[in-house]
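Data block below; observations after.
The values are calculated or read from the model by the stated rules, or taken from the named source; none is laboratory data. Since we're looking at a predicted model, the values are computed, not measured. FYI the Cβ positions are ideal-geometry reconstructions off the backbone, even for glycines, and counts take in every protein chain you see. Just the protein is used for accessible areas: all its heavy atoms, side chains included, with ligands, DNA and RNA removed. Shrake-Rupley method; radii C 1.70, N 1.55, O 1.52, S 1.80 Å.
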Amino acid sequence: MKKLTKRNENYSKWYNEIILRANIAEKSDVRGCMIIKPYGFYIWEKIKSILDNILKYTGHENVYFPLLIPKSYFSKEYNHIKGFAKECAIISHYRLKNYKNKNIIVDKSSKLEDELIVRPTSETIIWNSYKRWINSYRDLPILFNQWANIIRWERRTRLFLRTSEFLWQEGHTAHSTKKEAINQAKKILNIYTNVLENFMAIPVIQGIKTDSEKFAGAEKTYCIESIMQDGKSLQIATSHFLGQNFSKAFDVRYSTEKGNKEYVWATSWGISTRLIGAIIMTHSDDNGLILPPKIAPIQIVIIPVYKTQEQLNLIEKLVFPLKKFLEKIGINIKYDKRIYYTPGWKFNEYEIKGIPIRITIGKKDIDRGTVEVVRRDTLEKKYISINKLKFLIPKILSKIQDNILKVALKRKNNFLIEVDSYEEFIEKIKKNSGFLFAHWDGSSETETKIKVETNATIRCIPINLKKNMGKCIFSKNLSKQRVLFAKSY
RNA sequence: CGGGAUGUAGCGUAGUACGGUUAUCGCGCCUGGUUUGGGACCAGGAGGUCGUAGGUUCGAAUCCUAUCAUCCCGACCA
């Protein structure tokens, strides 16, 4: 097997190769849809279980709504469907028939009167139910979450970053006050930030989308953006304050304590399998994937090096108790004694897969009472005495977790550049230099012109970065604060 | 939807200008043996309706027509 394409030679080729070679996913015969393989799906399951626990702990409940949505529901919220109309899959028939021999055709007599839309997101079908479930202030808040797949008919797709079908989590909440709904949207943004930074080691920037970039149907879209190694921005999560748009469209009112009828306030929010793309592009290097220990399906791999059965027996006398001990404290270990692959082959294989720690044990080690321990993030090789090993392993795992966050954080800060002239802006954006932090006059016209001329968009109006007055780099008009421009995935 | 290109084994490919034995090579796969501390080696083996359909011809991967699919560039993209 040959080496991976290097990142600085062809970043997107490197990205595609790493997914195939690490056995995370592959393209399917269905255009724009991918097959997520066990190793990749395990990463998704880890992310899912971490977030799911936090959501449950903070009072959210999981539900499941149908995949298919009657077309008529969509027409109730015009702004919302406008954003999705061009990428909806429609079910118009429900039966096949055998034409001649093996030629299967659609049975035209099975045409549906009210066609069904494969969900691009579930606001409409969920709000149709909220109408029946919400009558009183006592019914609120409703904090529902759904783990599901959705379809958006994308013209151009990339594994994990933009696929026609993807897996996600969509939260849909209903509240009695505007303030509570806004707080909910912000709270979710913080939960996402926590999962990203503390578990996936991906440093992020919290912000608000401009009108042109916000979710169709939302009053305000909060978002999380992250910068990838190549200097392009990736939208990682969104949390929408929907105002009363859906409650008005679906006529969802509740009786207040005083007996008045009020429309309820809403939020929706989601993260998707796109996060797997973010992990790859945040942490990995030219040797392959680098996974944060907290979400790695396998945290440690042990590779025996042996010539005879007697040697293998000696090795296993050490390996089995160690494996048992570490598994007991919640560490996932793989012991790979396959004889038909050489140790050298395995070293490369597990490097591509990004397994945080590799332990090699051979006759030499047994004689010396040590094993060889290699960290995936630094590729640093150490010999550690067998006695100390079981206590040091958890420490090394947490060091790796900290270190890759630190590296990513440093890169993010280097990519964050203040720019005060349009000339400099154009020059930097040509080189994909990351987030350009520049003054903007707040108008959609300026935003569009900059986009047309430079291909850069306003990724967000940051929440936590300093605010000061200035002049718009494009129009020279007054600007209240700097915003983040970047090229994005 | 506009412009360009490509379809040959699981993957990557040679062969196509100018039609002519049994369609080339590498990786991977299977069997046996030797190996095993950074992608081992030797020997043998399996695997193809050359995207699909039609046409021209004594003869088509190669020429013609249609069709399908994919990729790239653009447009579009909460």
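General remarks:
- In the stretch A:378-385 there is at least one residue that is away from RNA strand B (no atom under 12 Å from the Cβ) and farther than 26 Å from A:Ile19 by Cβ.
- Test for A:Glu123: is it under 24 Å from A:Ile81 (Cβ atoms) and among the acidic types (Asp, Glu): yes
- Listed by position, the strands (runs of 3 or more DSSP E) enclosed by the stretch A:197-271 that each have at least 2 residues that are touching a residue at least 40 places away in the same chain (Cβ under 8 Å) are A:205-208, A:220-227, A:233-243, A:253-255.
- Some residue of the stretch A:287-300 being in a strand (DSSP E or B) and open to solvent by less than 30 Å² (accessible area, probe 1.4 Å): yes
- Matching residues, the stretch A:332-362, being assigned to a helix (DSSP H, G or I) and acidic (Asp, Glu): A:Glu349, A:Glu351
So that you can scan it fast, the table gives a plain yes or no per residue for (1) within 12 Å of RNA strand B (Cβ to nearest atom); (2) over 27 Å from A:Arg31 (Cα atoms); (3) open to solvent by 10 Å² or more (accessible area, probe 1.4 Å):
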| residue | (1), (2), (3) |
| --- | --- |
| A:Gln169 | yes, no, no |
| A:Thr173 | no, yes, no |
| A:Thr193 | no, yes, yes |
| A:Phe199 | no, yes, yes |
| A:Gly207 | no, yes, no |
| A:Thr210 | yes, yes, no |
| A:Cys223 | yes, yes, no |
| A:His240 | yes, yes, yes |
| A:Val264 | no, yes, no |
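- Residues of the stretch A:188-232 classified as within 26 Å of A:Tyr42 (Cβ to Cβ) and in contact with a strand residue (DSSP E or B) (Cβ under 6 Å, 6 or more places away or on another chain), total: 7
- Looking only at the stretch A:123-155, and only at residues there that are within 16 Å of RNA strand B (Cβ to nearest atom) and open to solvent by 20 Å² or more (accessible area, probe 1.4 Å), the one that is modelled with the highest pLDDT: A:Trp147
- A:Gly330 meets each of the listed conditions (1) loosely packed, with under 12 Cβ neighbours inside 10 Å; (2) near RNA strand B (Cβ under 8 Å from one of its atoms) apart from (2).
- Those strands (runs of 3 or more DSSP E) of the stretch A:363-425 in which at least 1 residues are closer than 30 Å to A:Lys480 by Cβ and acidic (Asp, Glu), considering only elements entirely within it, cover A:416-418.
- Whenever a residue of the stretch A:150-170 is without any contact (Cβ under 8 Å) to a residue 12 or more places away in the chain and part of a strand (DSSP E or B), it has no partner that is more than 7 Å from RNA strand B (Cβ to nearest atom) and open to solvent by less than 30 Å² (accessible area, probe 1.4 Å) lying with C-beta atoms less than 6 angstrom away and at least six residues away or across chains.
- Listed by first and then second residue, the pairs with beta-carbon distance under 6 Å, at least 6 apart or on different chains, first residue in the stretch A:24-50 and of a type in the set (S, T, N, Q), second surrounded by fewer than 17 Cβ atoms within 10 Å (Cβ to Cβ), are A:Ser28/A:Ile35.
- Note on the stretch A:383-417: residues that are aromatic (Phe, Trp, Tyr), more than 15 Å from A:Ile302 (Cα to Cα) and open to solvent by 70 Å² or more (accessible area, probe 1.4 Å) total 1.
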